[in-house]
Amino acid sequence: MNVKLIQGSYTPKETIELMHQLIQVKIRFNEDKIGQSSSEEDIKRREERIKALQHELATVKNQLKNRHDRIEIISTVEIK
């Protein structure tokens, strides 16, 4: 099953805002799971994922800050 999450054209500012909100939701999800977990391995994996997401967001912001054209975003979530 596929869920079309995003399909559209956005300004750089809108793109940064959209990516920020999406990534923050995923970070909060992992933070909540850390709070519920007693497995050190699971906690470490989730903390690493949070750091990776934060890095990705910083990269997106850095690469888009000087763009002025519209940006096409297409995102589909595949559920297996």
*Name the residues in the stretch 53-73 that are surrounded by 13 or more Cβ atoms within 10 Å (Cβ to Cβ), of a type in the set (A, V, I, L, M, F, W, C) and within 12 Å of the chain's Cα centre (by Cα), would you?*
Leu53, Leu57, Val60
*asked:* If Thr76 meets every condition in (1) out of contact with any strand residue (DSSP E or B) (no Cβ under 9 Å at 6 or more places or on another chain); (2) loosely packed, with under 13 Cβ neighbours inside 10 Å; (3) at pLDDT 95 or above apart from one, which number is that one?
replied: (1)
*asked:* I'd like the full set of residues that are within 26 Å of Lys80 (Cβ to Cβ) and among the aromatic types (Phe, Trp, Tyr), limited to the stretch 1-55.
replied: Phe29
_Cβ-Cβ distance below 6 Å, separation of 6 or more or different chains: which pairs start in the stretch 1-16 with a residue that is farther than 19 Å from Lys61 by Cβ and end on one that is among the β-branched types (Val, Ile, Thr) and surrounded by fewer than 14 Cβ atoms within 10 Å (Cβ to Cβ)?_
Met1/Ile79; Asn2/Thr76; Val3/Val77; Lys4/Thr76; Leu5/Val77; Gln7/Ile74
*Go through the stretch 30-52 and count every residue that is loosely packed, with under 13 Cβ neighbours inside 10 Å and under 21 Å from Ile79 (Cβ atoms).*
1
*asked:* So the check is Cβ under 6 Å with 6+ separation or different chains; which pairs have a first residue in the stretch 45-56 that's closer than 15 Å to Met19 by Cβ and a second one that's outside any helix (DSSP H, G or I)?
replied: none
_Members of the stretch 35-80 that are outside any helix (DSSP H, G or I) and over 30 Å from Gly8 (Cα atoms)_ = Ser37, Ser38, Ser39
*Yes or no: Ile16 assigned to a helix (DSSP H, G or I), out of contact with any Pro (no Cβ under 7 Å at 6 or more places or on another chain) and surrounded by 11 or more Cβ atoms within 10 Å (Cβ to Cβ)?*
yes
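The values are calculated or read from the model by the stated rules, or taken from the named source; none is laboratory data. Treat the numbers as computed from the prediction; the structure is a model and nothing was measured. Every residue, glycine as well, gets a Cβ built from its backbone with ideal geometry; the counts of neighbours run over all protein chains shown.
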